[in-house]
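What follows is a single structure, written as C-alpha cells, with notes after it.
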Amino acid sequence: MEGYTYLGIIVLAGLILASFATPLATLLLLYHASLGAHVRQTTRRLASSYLSGVTLMHFLLLASTAFLVSGLSVAGTFSRTSLSVLFGILLALAVVSWAFYYKRGTTTELWLPRSLAKFLSSRAKSTSDLNEAYVLGLLVPLSELLFSLPLFLLAGDAVLHLSPVFQALGLVIFTLLSVLPLLILRLSLRSGRNVTEVQRFRLRHKAFFRIFTGSGLLVLAAYLLVFLILGESL
C-alpha cells in the first residue's frame, strides 16, 4: 500500500501543478500573436516547440529535486520534520492561491510581478522561430517556482520511495499530468476553437480555477499529513 501512497502524491502534485495558469496563459499569448503574423501551420509548430520546452523543464525540475533530496537528506528521503515543514508551506500556499493567485475584477491577470509578466508577454508576442518558442517554454516554469517548488520537492521525495522501475514511471506520469492543460488547449485549437473562445472560458471560470488550485493544495497537504506524517507514527 505504501507504493500507492507515494504514487498518489505524485499524481496529486502533477495535477495541482497543471492548475497553475502561467504556462497556459503564455501559450495563449503565443497563439494570439503568431496567428496574426504567420500561417496556421507555423503557429502550430511554434506551439509544439513551446510545449516541448515546458515539458522538458518540468521533467528536469522534478528529476533535479529528487536528486537533491537524495543527496542532502540523511536517509535519502525527507524526515518527518521536513515533511511537516512542507505541510505548513502547502497550507500557506492554499490560502495565498485562494486570495491572490488571480487578480480581482474582470481579468485573468495572475499574481506575477508586473516586470516579469511584461517580460513573458513581450517574449510570447515577439517569438517567431522554433528555438525562441522552445526557450520560452523552458523559462516559463521557472517564473512560478515560488508556488511550484514545494510540489516538485514533495513529488521528488515520493519518487525516491518507489522501486527503480516505477521511479521512471513516476517521473513520466508527473510530467504528463503537469502539461495536461497545454495539451488540451493544443488539441482544442486544432479542432476549430479559437483563442478568443478559450480566453472567454478562462474568464468565466476564473473563480472555479482559483478554488480548484487552492483546494488541490489543501487536499495534498491533508494527504501528506494523514499518510506520511501521522501515518508513520501510528
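The values are calculated or read from the model by the stated rules, or taken from the named source; none is laboratory data. Small disclaimer: the values here were computed from a predicted structure and weren't measured. Note that each Cβ is placed from the backbone with ideal geometry, even for glycine, and that neighbours are counted across all protein chains shown. Ligands, DNA and RNA are stripped out before the accessible areas are found, and what is left, the full protein with its side chains, is counted by its heavy atoms. Shrake-Rupley method; radii C 1.70, N 1.55, O 1.52, S 1.80 Å.
Please work out whether the stretch 143-200 counts as rounded, prolate or oblate from its C-alpha gyration tensor, where a ≥ b ≥ c are the square roots of the eigenvalues and a/c under 1.5 means rounded, while otherwise a/b larger than b/c means prolate and anything else oblate? The shape class here is oblate. Computed with every protein chain present, the accessible area of LEU91 is close to 60 Å² [probe 1.4 Å]. Annotation note: trypsin sites (Lys or Arg not before Pro) in the stretch 137-232 located in DSSP loop regions with a Cβ neighbour count of at most 13 within 10 Å are ARG193. Note that the chain presents 49 Å² accessible area per residue, ligands and nucleic acids not counted, probe 1.4 Å.
Quick check: at a probe of 1.4 Å, how many percent of the accessible area of the chain sits on carbon and sulfur atoms? Its accessible area is 69 percent carbon and sulfur atoms. Helices assigned as whole DSSP H runs in the chain whose Cα atoms extend at least 20 Å along their own long axis and whose mean Kyte-Doolittle hydropathy is 1.6 or higher are found at 80-100, 145-160, 164-178. Our summary gives the chain a relative contact order of 45 percent, counting only alpha carbon pairs under 8 angstrom and 6 or more residues apart.
Solvent-accessible area of PHE227, all protein chains in place: 100 Å² (probe radius 1.4 Å, heavy atoms, ligands and nucleic acids excluded). With R₀ fixed at 25 Å, the C-beta to C-beta distance from VAL11 to SER52 puts the FRET efficiency at about 0.65. Suppose R0 equals 22 Å. What FRET efficiency, 1/(1 + (r/R0)^6) with r the Cβ-Cβ distance, do LYS118 and PHE212 give to the nearest 0.05? Using R0 = 22 Å, I get an efficiency of 0.25. What the pair-distance distribution of the stretch 192-232 shows, using all Cα-Cα distances binned every 10 Å from zero, is 26, 28, 22, 16, 8, 0 percent. Label separation (VAL226 vs LEU149): 2.9 nm, computed from points 7 Å beyond Cα along the C-beta direction. What does the charge count around VAL135 come to, taking other residues whose C-beta lies under 14 Å from its C-beta (Lys +1, Arg +1, Asp -1, Glu -1)? Neighbour charge sum, excluding VAL135 itself: -1.
With the helix formula -39500 (n - 2.57) applied to DSSP H stretches of n ≥ 4, the chain reaches a computed 222 nm mean residue ellipticity of -26000 deg cm²/dmol.
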